[in-house]
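Reading through the structure tokens given below for one structure.
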Amino acid sequence: MKKVIAAIIVCAFLLVSVCACQSGGNNTSLPGVSDFDGFVSMMEQSGFEPQVSFIEVSGDGSEDEESKPEESKPEESKPEESKPEESKPEESKPEESRPEESKPEESKPEESKPEESKPEESRPEESKPEESKPEESKPEESKPEESKPEESKPEESKPEESKPEEKPKYDYTTGQKHTPLKNTDRYLYSILNAQQKEWYRKIDAAVKNLEEKVCLDTELTGNNNYYIFYIYAADNPELFYLGAQIGVEYGTGKDSLLFTYSDGVSDCGLDYGSMTPELKQSILSKKARFDAEVQRIVSTIPADAPDVVKEKLIYDRILIDSSYQKGAVWEGAAPDPWSAYGVIINHTGVCESYAEAFHTLCHMVGIKCVEIMGTGNGESHKWSAVLLDGEWYMCDVTFDDPTNGKPGETRHDYFNLTAKQMQEKNHSVSDIYWKSPSCNGTKYSYENYFGK
């Protein structure tokens, strides 16, 4: 079987080589998935990413029921826990002190009889029965009004005692443990159909072993099935060494994808067998350093905190540690300023590096997120969407880290906004790769949760 190598050089998700990270613009309409020739022509003329839809790339396009956004429902925390009915007024009843206990019959006048002494010696007037009058112990002295049920009023335990301003304190000791989000639990994987998920998993197994190609047992270019590679790459930003260039090796209905890899200095790919032992070891060493730093950052985030607090700590850590790299030039298959490695290790990068570092750290603490492609102030741009308690929010860590800002400065003007609010800040979404989630959440906006 004769093989023909077709190199598809598409800087996937990395169009922001001149990304000044500014906003504005209009949404781009979704072209038809079968218009492959038109897609290639447009790509060659404009240098833009492939404008194809992934929903119908294979078969019936039916979505898999495995992962749907019902995972976290907001009904878990109900406000009925503290009810004011706990202190009822029936506990102190007025029947405890009754006036019958002190009866006037105890002192009777018959005890001193006049017969014992003669009437001449002692006059009967000296001991008059009037001296012990039953009126001395009147039942009015212990009145039941002293213990009135009004003393214990239910108003004493009011729910206002637990004010929302009193935020709980979390465990900030180092060594925190989190449950990372598996790539099969992430947003882009969840919206694929069954066939696309199988391709996704095959690509994952090959890339994790730094293999140079993977056979997907299908025709790739004619049906645009190679597009699954870009879904996988966007869903796994921690694989910073995976290049944006791919090739297709034709077979008899069993085409293969050819990958490119880079350690930031040397590249391999498109020519099968170009991965050298030296380059493989260099990539693995770089990945080990990256993973260790990610774990160090994550270990400082309190595991007992809600997701929105974890998100803010990640957001602020990037703002404090990183600076935007102006004038960055694309060099090689996977340059650091366009990957999560740039911000996490080098503490500098363009908007793509900011967003992918944010996504990597969120995934490591179990927060589902996805990158949003579009324009910011009229320039190509990438930002983020996060899922908190079943609702999606948009945030842009790059725009909250101004190039002329002070070292260590943090801002939250673009933290957890709705899609409408982000649009008002000159961000325009381009759903040319996948359908972005509907971001309408307001509960965990910065002002609503953390205050002004």
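The values are calculated or read from the model by the stated rules, or taken from the named source; none is laboratory data. It should be emphasised that the depicted structure is a prediction, and the values quoted were computed from it without experimental measurement. No Cβ is skipped: glycine too gets one built from the backbone with ideal geometry, and neighbour counts run over all protein chains shown. For accessibility, only protein heavy atoms count, side chains too; no ligands or nucleic acids. Shrake-Rupley method; radii C 1.70, N 1.55, O 1.52, S 1.80 Å.
Considering only protein heavy atoms, with the full assembly of protein chains and a 1.4 angstrom probe, order His412, His359 by accessible area, largest first. Write down the numbers at each step before the final one.
Working: His412 30, His359 5 Å².
Largest accessible area first, the list is His412, His359.
At a probe radius of 1.4 Å, what is the per-residue accessible area of Arg411, in Å² to the nearest 10?
Counting only protein heavy atoms, the figure is 80 Å².
May I ask you to evaluate 6.51 cos²θ - 1.76 cosθ + 1.60, the Karplus curve with θ = phi - 60°, for each residue of the range 429-444 and list the ³J(HN,Hα) values in order in whole Hz, giving x for glycine and proline?
Result, rounded to whole Hz: 7, 10, 7, 8, 10, 7, 7, 5, x, 6, 9, 10, x, 10, 4, 9.
Test of the criteria: in the range 352-452, which GluC sites (Glu not before Pro) are in a DSSP loop and have at most 12 other Cβ atoms within 10 angstrom of their Cβ? If you can, show how the numbers build up before the last one.
Details: sites: Glu352, Glu356, Glu371, Glu379, Glu391, Glu409, Glu424, Glu447; in loops: Glu409.
The qualifying sites are Glu409.
Say the cut-off is 28 Å between C-alpha atoms; which of Lys213/Lys312; Lys287/Lys425; Lys286/Lys435; Lys310/Lys425 go over it? Could you put the intermediate results ahead of the total?
Numbers: Lys213/Lys312 39 Å; Lys287/Lys425 36 Å; Lys286/Lys435 33 Å; Lys310/Lys425 25 Å.
Going by Cα-Cα distance, Lys213/Lys312; Lys287/Lys425; Lys286/Lys435 fall outside the 28 Å limit.
Taking a ≥ b ≥ c as the square roots of the eigenvalues of the Cα gyration tensor of the range 360-452, is the shape rounded (a/c under 1.5), prolate (a/b larger than b/c) or oblate? Please report the intermediate quantities before stating the final value.
Numbers: a/c = 1.38, a/b = 1.05, b/c = 1.31.
Rounded, since a/c falls under 1.5.
Taking each pair of distinct Cα atoms in the range 315-364 once, what is the resulting Kirkwood hydrodynamic radius in Å?
Numbers: mean 1/r = 0.0948 Å⁻¹.
Evaluated over the range 315-364, this radius sits at 10.6 Å.
Take the solvent-accessible surface of the protein heavy atoms, probe 1.4 Å, and return the percent of it on the range 352-405 that carbon and sulfur atoms account for.
On the way: 350 of 1030 Å².
Within the range 352-405, the accessible surface is 34 percent carbon and sulfur.
Assuming a viscosity of 1.567 mPa s and a temperature of 4 °C, what translational diffusion coefficient in µm² per second does Stokes-Einstein assign to the range 251-390, Rh being the Kirkwood radius over Cα pairs? Before the final figure, lay out the partial values.
Numbers: Rh = 16.8 Å.
D, rounded to a whole number, is 77 µm²/s.
Can you list residues from other chains, or at least 5 along the same chain, whose modelled amide H is less than 5 Å from the amide H of Trp392?
Those lying under 5 Å, H to H, from Trp392 are Asn440, Gly441.
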